[in-house]
Amino acid sequence: QVQLVESGGGLVQAGGSLRLSCSVSGTIFSINAMGWYRQAPGKQREWVAVITRGANTNYPDSVKGRFTISRDNAKNTVYLQMTSLKPEDTAVYYCNGSPPSYLWGQGTQVTVSS
């Protein structure tokens, strides 16, 4: 019954920026650690960011320094600000609990041209 709706993806050139949003409904958002994940065609899904209840954040080395996760508990929304995008960032981006706990949403496509 938890619904995750991602938005904000698009086509950008390498070096560009995008801000993704994830609207969460059906749960008490503020009690959950939330994360962003991505999946490129033919590749496994990987996590790219996490934010805890206490607003601590962490990132894998592949995106560290370029991506920033944040949350607005009053709006039940988690964001991913992506800068200095690279072609290898091209993927469908998803949000979920951290670790993943809910049915995956539709994701939002991010395409970075070289």
* **In segment 53-81, residue modelled with the lowest pLDDT [restricted to those that are on the phi > 0 side of the Ramachandran plot and exposed (fewer than 15 other Cβ atoms within 10 Å of the Cβ)]** => 55
* Asked: Given the residues 112, 92, which is the only one that is within 14 Å of residue 9 (Cα to Cα), touching a residue at least 12 places away in the same chain (Cβ under 8 Å), more than 14 Å from the chain's Cα centre (by Cα) and part of a strand (DSSP E or B)?
  -> 112
* Asked: What do you reckon, is residue 102 at pLDDT below 95 and either open to solvent by less than 50 Å² (accessible area, probe 1.4 Å) or of a type outside the set (D, E, K, R) (or both)?
  -> yes
* Please work out if residue 75 is out of contact with any Gly (no Cβ under 9 Å at 6 or more places or on another chain) and among the basic types (Lys, Arg). => yes
* Structure fact -> Going through (1) surrounded by 14 or more Cβ atoms within 10 Å (Cβ to Cβ); (2) polar (S, T, N, Q); (3) modelled with pLDDT under 95 one by one, residue 1 fails only at (1)
* Structure fact -> Exactly one of 68, 27, 77 is under 15 Å from residue 100 (Cβ atoms) and of a type in the set (Val, Ile, Thr), and that residue is 27
* Structure fact -> Within segment 58-76, residues being in a loop (DSSP other than H, G, I, E, B) and either free of Cβ contacts under 8 Å to residues at least 24 places away in the same chain or among the hydroxyl-bearing types (Ser, Thr, Tyr) (or both) number 7
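The values are calculated or read from the model by the stated rules, or taken from the named source; none is laboratory data. For clarity, every value in this text was computed on a predicted model and none was experimentally measured. All Cβ positions, glycine included, derive from the backbone under ideal geometry; neighbour counts span all protein chains shown. When the accessible area is computed, the model is the full protein with side chains, heavy atoms only, and any ligands, DNA or RNA have been set aside. Shrake-Rupley method; radii C 1.70, N 1.55, O 1.52, S 1.80 Å.
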